[in-house]
Each structure stands twice: as C-alpha cells, then as structure tokens.
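Colleague: Okay, here's the structure, questions in a sec.
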Amino acid sequence: MSSAAVSSAEPAVLPGAEAWSSPGSGSWADVGVLVLHGFTGTPQGVRGWAESLAAHGLAVSVPRLPGHGTRWQDLQRTRWQDWFGEAERALTDLQQRCSTVFVAGLSVGGALTLRLAETHPEIAGIVTVNASLATRRPEARLLPLVRWIVPSFPGVVGDIKKPGVTEVGYPRLPLHAVHSLSRLWALTRADLGRIGCPVLAFRSVVDHVVEPVSGELLVAGVRAGGAPVEERVLAESYHVATLDNDAPAIMDGTWEFIRRVSSR
C-alpha cells in the first residue's frame with residue numbers, strides 16, 4: 001500500500017487540536033512540564049497554559065491523547081490504557097531531555113496526572129485543574145448496560161463562564177470510553193496515598209462537568225498518604241478553567257509552584 005493511501009485513511013485532526021511542544025531555553029530548559037488535556041477535549045484547551053510555562057523557558061509537551069481531536073467515534077474505540085500509554089510515552093520523552101519533570105492536567109487529564117504520580121515517584125510535582133475522579137450522578141449506574149444500547153450521550157465540552165471563548169472538542173460522549181474512564185477513576189482513587197510529590201490542585205466553585213466529590217477525594221486521598229497538597233479555589237471560572245476568567249491565576253500559580261518545588 002502506498003504512503004498516500006495510508007495517509008488518506010488517517011482521520012483529519014480538528015483545527016487547533018494538534019499536539020504542541022516547546023524545547024525549553026535558558027536556565028530553565030532542563031525542567032520539563034507535561035500538560036494533559038481533558039476527556040473529549042484537545043490540546044487547545046490547555047495550550048495557553050502550556051505556552052505560559054514555555055515563556056519562562058521550561059520544556060513543555062502537550063500530547064493529543066488517542067481518540068481525541070478527530071471524531072467522537074474514534075474515541076469510542078479507545079480505552080483508558082491508550083490515553084495513559086500516550087501520557088506515559090510523552091513523560092518518558094521529557095525525562096530523556098530534562099533532569100526534572102512536572103505533570104499538569106485538566107479534568108481527566110488531571111486524573112491521568114494523578115495516576116502518573118502514583119506510578120512514577122520520580123515526578124517532581126503535579127498540578128491539576130478540576131481533576132475528574134468520580135461521579136454521583138444516578139444515570140452512571142446504568143452505564144455498564146446502556147453503553148451497549150446507546151453509543152453516546154450529549155457532550156460536555158465548552159463549560160466556560162467567560163463570554164466568547166470556545167473549546168475545541170466533541171459534541172458527544174462515547175459511552176464505551178466513558179465506561180473505561182470509570183475504571184481509571186477507581187484505580188486512581190485507590191492509589192492516591194502512593195503519591196509522594198507535592199500537589200497543587202485548582203478547583204472551580206461552579207463546575208457543570210466535574211462534581212465536588214472529585215476534589216474532596218483528591219485532597220483527602222493525597223493527604224492520607226502524607227504528601228503536601230494545596231487546593232486553590234477558582235471563583236470566576238467553570239470547568240474549563242484553563243480557558244476561563246481564572247486562567248491567569250492558574251498560569252501564575254503553576255509557575256510559582258514549579259519554581260518553589262524546583263528550588264528544593
């Protein structure tokens with residue numbers, strides 16, 4: 001088969017959904033940051049956050065997780081191991097180039113961030129924004145059955161308070177992938193006490209996607225293991241806070257956190 005035929009079979013990436021990276025420069029080039037986007041979202045949702053860190057000279061990597069940034073049907077065919085595998089691959093790449101590496105993530109990207117910290121104790125520190133770890137929605141109990149009958153539900157992208165700001169992502173939630181996400185949640189919740197690095201957790205007061213229980217579980221679980229965790233509340237943003245009114249506070253807070261932890 002010709003390379004042209006292979007290329008034509010590959011799904012087109014949505015404009016703005018491409019992976020992004022910066023090699024780092026100056027005195028901070030040896031410090032890397034892996035930034036992970038959310039479920040059904042794309043690197044566009046965390047691009048500004050990543051660029052703000054790169055502006056300080058940090059080496060930054062924002063991978064596009066498998067199944068994301070093309071069609072929701074592509075995400076339906078993936079599982080949490082695929083997303084975690086890509087995040088781990090990007091982490092390894094940064095570690096080969098940097099002596100110190102941090103991980104940051106939004107929503108399910110936050111869950112992946114926590115899972116990486118649980119399984120990679122060499123990570124220097126992590127930052128999460130509205131990390132997703134659980135749901136108490138009644139309909140979630142029907143998911144194991146409903147996913148075989150209904151392929152998708154209406155999507156959750158674009159939960160942003162700031163007028164005129166949009167998020168690139170899917171209009172549908174593929175239910176097989178959502179069911180796999182619940183498995184990631186369970187594993188991550190069970191191992192929160194294994195995290196040994198400092199944690200900075202941002203949480204929106206009003207979030208129409210991730211319920212408060214996720215933030216409660218994160219803080220309690222990490223503290224139970226003895227790792228330092230700081231929670232900062234975002235009063236002017238909804239779920240996609242990295243594109244919302246509090247984005248500057250997230251950017252500045254993340255940079256200050258990395259500087260402080262790195263100085264140790």
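The values are calculated or read from the model by the stated rules, or taken from the named source; none is laboratory data. The shown structure was predicted, so the numbers you read here are calculated from the model rather than taken from an experiment. Neighbour counts are summed over all protein chains in view; Cβ atoms, including those assigned to glycine, are modelled from backbone coordinates with ideal geometry.
Colleague: So, of the residues in segment 221-234 that are in contact (Cβ under 8 Å) with a residue 24 or more places away in the chain and part of a helix (DSSP H, G or I), which turns out to be surrounded by the fewest Cβ atoms within 10 Å (Cβ to Cβ)?
Modeller: A224
Residue-by-condition table, conditions (1) under 24 Å from R79 (Cβ atoms); (2) of a type outside the set (D, E, K, R):
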residue	(1), (2)
R97	no, no
E118	yes, no
V129	yes, yes
R136	yes, no
L143	yes, yes
W148	yes, yes
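Colleague: I'm checking my understanding of the structure. Among residues of segment 155-175 that are aliphatic (A, V, I, L, M) and assigned to a loop (DSSP other than H, G, I, E, B), which one is farthest from R77 (Cα to Cα)? It would help to see each step written out before you state the result.
Modeller: At the first step, the residues of segment 155-175 found to be aliphatic (A, V, I, L, M) are 156-157, 160, 165, 168, 173, 175.
Cutting the leftovers down to assigned to a loop (DSSP other than H, G, I, E, B) gives us 156-157, 160, 165, 168.
Working: V156: 19, V157: 19, I160: 28, V165: 29, V168: 20 Å.
Among those that are aliphatic (A, V, I, L, M) and assigned to a loop (DSSP other than H, G, I, E, B), it is V165.
Colleague: When segment 140-192 is examined, which residues are found to be of a type in the set (D, E, K, R) and over 23 Å from V205 (Cα atoms)?
Modeller: Selection gives R141, R147, R172, R183, D191.
Colleague: Same structure, new question: Only one of these conditions is not met by E10: (1) surrounded by fewer than 12 Cβ atoms within 10 Å (Cβ to Cβ); (2) at pLDDT 95 or above; (3) among the acidic types (D, E). Which number is it?
Modeller: Condition (2) is where E10 drops out.
Residue-by-condition table, conditions (1) more than 18 Å from the chain's Cα centre (by Cα); (2) at pLDDT 95 or above:
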position	(1), (2)
H208	no, yes
A227	yes, yes
L243	no, yes
R264	yes, no
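Colleague: Quickly run through segment 153-185 and pick out the residues that are more than 21 Å from L112 (Cβ to Cβ) and of a type in the set (A, V, I, L, M).
Modeller: I160, V165
Colleague: For R203, are the conditions met, namely being surrounded by fewer than 20 Cβ atoms within 10 Å (Cβ to Cβ) and modelled with pLDDT of 95 or more?
Modeller: no
Colleague: I'm trying to understand the selection: among the residues of segment 235-252, which are closer than 22 Å to A29 by Cβ and surrounded by 15 or more Cβ atoms within 10 Å (Cβ to Cβ)?
Modeller: The one that is closer than 22 Å to A29 by Cβ and surrounded by 15 or more Cβ atoms within 10 Å (Cβ to Cβ): M251.
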